[in-house]
Amino acid sequence: MSEKRFRSLIYLIPLAALLLASSLATSSDAAKSVSYRESIEPIFKSECSGCHNKASASGGFSLETPELLRKGGVKFGEKVIIPGKPAQSILVGYLRGTHQPRMPIGLPPLPENKIRLIEDWIAQGAKVDEVKLGWPYAPPAPVTPPALPRTGLTDFTKKWARNDVDRFILAKLNANGLQPAPSASKGVLLRRVYLDVVGTPPTPEEADAFLLDKSPDAYEKLVNRLLDDPRYGERWARHWLDLVRYAETHGFEADNIRPRAWRYRDYVIRALNSDKPYDRFLKEQIAGDELYPQDSDAWIATGFLRLGAYDELATDPPQRRQDILNDATDTLSSAVLGMTVGCARCHDHKYDRISQRDYYRLQAFFVNTKWVDQKLPVEVDAASLIQKRNTLKDQTQKLNLAIDQIRSDVRKALGKNDADDDAIDKWLQDASRKDKKAEWDRLRGEEGDTQRQLRPIEATAETVTDTGKEVPSHHVLLRGNLATPGDPVQPGFIAALSEGREKDAVITAFPDKPTSGARTALANWVASPKNPMTARVIVNRLWQHHFGNGLVSTASDFGRNGEKPRYPGLLDWMAQELPRHGWSLKAMHRLILNSATYRQIVAVNPKAEKLDLQNRLFWRQNRQRLEAEAIRDGMLAVSGGLNDQRGGPGIYPAVSDEVLATGSTHKWGSSPEDQQRRRTIYVFQRRSLPLPMVEVFDGPDMVNSCTRRNATTIAPQALTMFNGDFGWSEARRFAERLATEGNSDSRIEKAYRLALVRRPTPEEKKQVAAFLEKKKTLHLREGMTDPKKVEFTAWTEFCHVLFNTNEFVYVD
Amino acid sequence: MNDKPHFGPAYSRRDFLLRAGTGFGGLALTAMMADEALATNFGTAPTGPMAPKPPMIPAKAKSVIFLFMYGGPSQVDTFDPKPGLVKYDGKTMKAALPNAGEVKTFGGAQSGSVPLMKSPFAFRKYGKSGIEVSDLFPHVGQCVDDICFVRSIYGDSNNHAPALFEMNTGAILQGAPSMGSWVTYGLGSENQNLPGFVVMLDSRGGPIGGAPNWASGYMPATYQGTVFRTAGTAILDLKPGKGVSDASQRSDLDFLGNLNKEHMKSRPGDTDLEARISAYELAYRMQMAAPEAVDVSKETEEVKALYGLDKPETAEFGRKCLMARRLVERGVRFIQLYSGGGHGDDTWDAHGDIVGNHKKHAGSTDKPIAGLLMDLKRRGLLDSTLVVWAGEFGRMPISQGGSGRDHNPGVQTVWMAGGGVRGGQAIGSSDEVGYKTGEDPYHIRDLHATILRCVGLDDIRLTYLFNGRFQRLTVNGGNLIKKALA
């Protein structure tokens, strides 16, 4: 062992002890001192303070603060706690039912372990400890990946770890007497990593490029290839769009279109594909207008602050303004900071250290923002889109020339130089000028059409900026009510995330800009390695998508109601690796994807299941149901129908009239057939009408920040997949694709390789052949006569079944 | 403002598993829990999130039929007689209610000079209880002894979309789960071959806001409402693809089942995979069960006439009411019917012509609703079915343009009948002219709490963890309308 390794081992002993202490083992230790802040206060807050709070103080008793708790109940004039004597403390009596009524009144008694904790705490003197900034509010401490455990390793586990991630996992598994799972086969990894990173299965050619590559780093090369693939951005942007409740309409009654909202979607795709540093990515979205005004993408990014729903017909505009502010505050907090602050809108957070003042101080950063449609300083569009725009502009110009010609002709005839279009129209009504009138109408109609097409693709973005240089100030709103403003507050950061101190932000205006600089201060605070949450939250999100579950499974709530991380060391270490790698998300992907932990099989391990059924320790990979987008994109890719055109305004796959009839104001456009076959991320996002296939497979509601998709299994999904038009049309296309292959045997082989990314077994080939024969016989019997049609129908049905298999929609 | 807690009890492991949706289906998670040995075969022993669950509190109602009068019916022209409005007809609000202040309407600021307008409809007493109902609802009038009218419900928005969201989800902002989602989340459903929460829209279109009115919001899609159509096939994609015979479909399903079983062999114990196989079989059975459930052709002529299927003006809503009764019989938990669809006078939104508008909509729903109540009663189903009648808001006692009425969230009349409700009474009141609530005001959340209580759910304890908060239909809890409960 090298000296360096030895030193790090010594350094790690306390860490290992820590890891052990927080491990799954939960043996209760009677001698352990009970902390009021850690153990007792949360019980009181969640179980008792609903009634025994300052405001209602049922029975004249509140335990909202330690002082009030010690004071006891006014009604009976009794102390409820006698330090050192749990048996004589009537608080315990009420909980145990020896005093009536048993508490909590009308609800089941507290679990024994909670009552025992309270007793232990009283027995130990009912001491109240200092408020500590525990996890997650304290910034990550320096962590070194653990060395290999010295005992308990087998020959297999000694060689198992591939990178530092694995060392954390192995140490914890070993401490719990568990073993990690072995690496999946190349074939399984191939399908997993394609669907995970780019969101569509590999073609047989792409598969062979990996399967036939016998070099030892074939997998790592594949990972690099996929991270460089532009499809990566299309896959992973969707995860971000879920968080920021992206949509292309306002929602509510009118649900009108935001014609250039798509620019934000394309921005996210571009940012991910170019591996834009995550700190910069955040800064652009919070204050791109102030920080990088020469950068078109930075302007587009500020659209983040106006993505929420907007009631165009609101009868109370100040309330609407407040709703928008609340939505922006809540979304920034949960999506970026992993904190659910919404509770603090009306009162101090009951679980987390977020005061109502904190909430409105954070909100204050946004109160002077306004929505502007900003002309982009630099071209960002694809050449084809620019060309389309120029063509439309030329057309507009020509049309306007022709229209002006008619105008001046008519004005001359009228002898009125200032005749307006209405007057011109009137003059043209005369039957003798029928042709001229027709020409006038045609030109004006065309001009209108051209404008409508031009509008969404103009080099303009939906952005925000400040109303002026004035530094925003705000008020606490009592009970969250606009009508009852409380104390004035200045922009400031959540105290718990600022070493526990309430500090106003230092705001420096830019001398040359008409903005306050407030959001720049916020952006710099959020996107800083010193912020305890930002890096932890994003690395946890990446982990969540790669494994189907995060290191913290409540990925938008790291607070007390959230789950405590089982691997605090790994999370903190990764959170520090991110800034060390220049905030490169791709570096983090690489770290995870190349780990032995990621490469594990979806193992069956009764011992591990007994200890950790949910696989919170990651002793295996998780089997994941594909999201709606990956299912739809996969079907298109497999059928050969996928149109891989990138970017631009949203497209409209066909939606049945029955679905359109379910709303009052649905406006669903139409797209040419080939456009309908683009990836799902490009589908127009209408708040009142999600694409039915996406909706039925747990798509996001586009109003709330969506941390993690549900993966429900419901019958309407089966109806969509098995009866819906889309499944059948892609099955037909798939069958046509197979028809070019030689014999039946090679067609079956090709079908399996395309859809399931593996070759069929001989037994499966037999089963498929038998199925095809059975179906042909059936169709003949049911009166189908054309032998070509019989053949094609049977193949279509086989392809249709493949799309519906569990193997197609689940990833091992 | 009440001070009921909205931060719930710390959740159990079971709750956590069900709510966290850890990337596995909630369905599978239920089955994964070691302490609950659950079979996963749907048809025989229903399990999973839609399996029937016992109520929290003993209750009579097992199903809810929510009759949604979209557009906002006018209380003073239907179920809330106002002699005061007759007295002050043509006078200003200030004359009737000196303290009313400025009257704000959706249509814009109404100066104090806009006159109050008495109801153009006559009211008369019905039943033993002698409750007064306007001539718009003579058939419903026959049922008043089974109905509990609440004449003092108020909400927070005078704008259709937020008001619809509030009546359906408890929140004026979009994104919260609808009441049907909460009820099925709390109670599951009795019939696993049909959706537990069914919505039937007006043929003229859906309500403003669309699907979010029956969506499950942040809850799993399991609890979202399924739209049943009243013509053609009942559910989207219910029919096999074009030209696919039953034999052909069955053969495809069998082959799919074989492939899936083969796939499962090397993946033992994965209940997600098993659940998905079951879901296909359920979908197959649903293809049969749903058309059967909504097929009213086998009903007797007498029944059809009772619901008004024999008259063109009542046929559509009558069919929906009859379908609702058939769904209740088959154990569907929550059914919502819309009267009114699209915009303007295709809904109850009588801005211009209260007489023409309300005659049309009441005329098309009065007989069917009465038929539903009577049919449920004679079949012994009214005790176990809660029927609710409501719009998204009431309407103004002042006129709009001389003959219409504008939106009014200040007060509306909502009525309930059946399971758990004491009929033959009118609770609460509006003020003298029906502008705002008078005695015993109840917020929409109080109505929600009461509806939940009728099916045995406690609105405080029925929580769902989302965004770090134990969410509720009633947010911080509603006050039960105790007088309404039997």
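Values quoted throughout were computed directly from the atomic coordinates according to the rules given, and no laboratory measurement underlies them. Just so you know, these numbers come straight off a predicted model, no measurement behind them. Glycine also receives a Cβ, built like all others from the backbone with ideal geometry; neighbour counts cover every protein chain displayed.
Between the residues A:767, A:779, A:748, the greatest Cα displacement towards the positive end of the dipole of region A:730-812, with unit charges on the Cβ of Lys, Arg, Asp and Glu, is found for A:779. Taking Cα centre as origin and charging only the Cβ of basic (Lys, Arg, +1) and acidic (Asp, Glu, -1) residues, the dipole magnitude of the protein assembly as shown rounds to 2600 debye.
FRET efficiency for the pair residue A:675 and residue A:138, taken as 1/(1 + (r/R0)^6) with r the Cβ-Cβ distance and R0 = 41 Å, rounds to 0.20. Cross-link partners of residue A:159 among lysines, defined as those whose alpha carbon lies under 18 angstrom from its own and excluding same-chain residues fewer than eight positions apart: A:172.
Ordering B:179, B:56 by the number of other Cβ atoms within 10 Å of each residue's own Cβ, fewest first, gives B:56, B:179. Say the dipole of the protein assembly as shown comes from +1 at the beta carbon of Lys and Arg and -1 at that of Asp and Glu; which of B:455, B:140, A:314 then lies farthest toward its positive end? About the Cα centre, the residue reaching furthest to the positive side is B:455.
Where Lys and Arg each count +1 and Asp and Glu each count -1, what net charge lies around residue A:356 among other residues with Cβ under 10 Å from its Cβ?
Once all neighbours under 10 Å are counted, the net charge is +1.
On a C-alpha basis, how far is the centre of region A:699-754 from the centre of region A:356-395 in Å? Whole number, if you could? Region A:699-754 and region A:356-395 have Cα centres spaced 36 Å from each other. Between residue A:123 and residue B:298, the modelled labels are 6.7 nm apart [label points 7 Å from Cα along Cα→Cβ]. Once the chain from residue A:482 to residue A:390 is taken as fully extended at 0.36 nm per residue, the excess over their C-alpha distance is 28.4 nm.
The dipole here belongs to region A:569-675: it is taken about the Cα centre, uses +1 on the Cβ of Lys and Arg and -1 on the Cβ of Asp and Glu, and is about 720 debye. Compared with the dominant Cα axis of chain A, that is its longest principal axis, helix A:230-243 is turned about 60°. Potential lengthening of the chain between residue A:209 and residue A:782 amounts to 201.8 nm, from the contour at 0.36 nm per residue minus the alpha-carbon distance. Charging the Cβ of each Asp and Glu at -1 and of each Lys and Arg at +1, and nothing else, the dipole of region A:128-167 about its Cα centre rounds to 300 debye. In this rough spin-label picture, where each label sits 7 Å from Cα along the Cβ direction, the residue A:743-residue A:33 distance is 8.2 nm.
In this structure, the amide hydrogen of residue B:64, modeled 1.01 Å from its nitrogen in the peptide plane, lies closer than 5 angstrom to those of B:334, B:335, B:386, counting only residues at least 5 positions away or on a different chain.
I'd like to know which of A:696, A:90, A:500 lies farthest towards the positive end of the charge dipole of chain A, counting +1 on Cβ of Lys and Arg and -1 on Cβ of Asp and Glu. The one lying farthest along the dipole's positive direction is A:90. The residues packed around residue B:252, meaning those with a beta-carbon under 12 Å from its beta-carbon, carry a net charge of 0 if Lys and Arg are +1 and Asp and Glu are -1.
Add -39500 (n - 2.57) for each DSSP H run of 4 or more in the protein assembly as shown, then divide by its residues: what number comes out at 222 nm, to the nearest 500 deg cm²/dmol?
-12500 deg cm²/dmol
Backbone phi angles across region A:32-48, fed through the Karplus curve with coefficients 6.51, -1.76 and 1.60 (θ = phi - 60°), yield HN-Hα couplings of 5, 7, 9, 8, 4, 5, 7, 10, 8, 4, x, 5, 4, 5, 7, 9, 10 Hz in residue order; Gly and Pro are listed as x. Extension gain, residue A:378-residue A:761: 0.36 nm per intervening residue step, less the Cα-Cα distance, totals 132.4 nm. Residues A:51, B:321, B:143, A:799, arranged from fewest to most other Cβ atoms within 10 angstrom of their Cβ, appear as A:51, B:143, A:799, B:321. In a Debye calculation with equal point scatterers on the alpha-carbon sites of the protein assembly as shown and no solvent, what is log10 I(q)/I(0) at q = 0.04, 0.07, 0.08 Å⁻¹? Once normalised to I(0) and log-transformed, intensities are -0.25, -0.80, -1.06. Note on B:213-224: average number of Cβ atoms from other chains within 10 Å of each residue's Cβ is 5.
A Förster distance of 35 Å, applied to the separation of the beta-carbon atoms of residue A:312 and residue A:512, puts the FRET efficiency at 0.50. Distant-in-sequence amide contacts of residue A:477, defined by a placed amide H-H separation under 5 Å and a gap of 5 or more residues or a different chain, comprise A:486. Based on C-alpha pairs under 8 angstrom that are at least 6 apart in sequence, region B:13-484 has a relative contact order of 28 percent. Within region A:701-735, name every residue whose backbone N is under 18 Å away from a label modeled 7 Å from Cα of residue A:655 along the Cβ vector. Counting only backbone N, you get A:701-704, A:717, A:720-721, A:724-727.
Which percent, to the nearest 5, of DSSP beta bridges fully inside chain A are antiparallel? Display every interim value, and only then the final one.
Details: 17 of 19 bridges.
Here the antiparallel bridges make up roughly 90 percent for chain A.
Between the amide H of residue A:372 and those of A:463, A:464, A:465, distances stay under 5 Å, these residues lying 5 or more places away or on another chain, with hydrogens modeled in the peptide plane.
Taking the highest mean first, how do the peptides A:147-159, A:243-255 order by number of other beta carbon atoms within 10 angstrom per residue?
A:243-255, A:147-159
As a rough footprinting exposure proxy, the listed residues A:327, A:129 were ranked by other beta carbons within 10 Å of their own, and the order from fewest upward is A:129, A:327. Annotation for residue B:439 and residue A:348: the two label points, set 7 Å from Cα along the Cα-Cβ direction, are 4.3 nm apart.
Taking θ as phi - 60° and the Karplus parameters 6.51, -1.76 and 1.60, the scalar couplings of region A:209-220 work out to 4, 8, 5, 8, 7, 8, 5, x, 9, 4, 5, 4 Hz in sequence order, x denoting glycine and proline. Partner shielding of A:769-779 amounts to 2, given as the average count of beta-carbon atoms from other chains within 10 Å of each residue beta-carbon. Mean separation of Cα pairs under 8 Å and 6 or more residues apart, divided by the residue count, gives region A:36-123 a relative contact order of 21 percent.
Separation of region A:142-216 and region A:608-687 by C-alpha centroid, Å? What the calculation gives is 29 Å, centre to centre. Inter-chain neighbour count for B:277-286: the average number of beta-carbon atoms from partner chains within 10 Å of each residue's beta-carbon is 5. Each residue of region B:241-253 is assigned a 3J(HN,Hα), and the resulting list reads x, 4, x, 8, 7, 4, 4, 5, 5, 4, 5, 5, 5 Hz, derived from the Karplus form 6.51 cos²θ - 1.76 cosθ + 1.60 (θ = phi - 60°), x at Gly and Pro. With a Förster radius of 45 Å applied to the C-beta separation of residue A:71 and residue B:329, the computed FRET efficiency comes to 0.15.
For a label point 7 angstrom out from the Cα of residue A:370 toward its Cβ, which stretches of region A:254-271 have the backbone nitrogen within less than 19 Å? Residues passing the 19 Å test: none.
I want the local charge near residue A:261. Using Cβ-Cβ distances under 12 Å, sum +1 for each Lys or Arg and -1 for each Asp or Glu among the other residues. Residues near residue A:261 contribute +4 overall.
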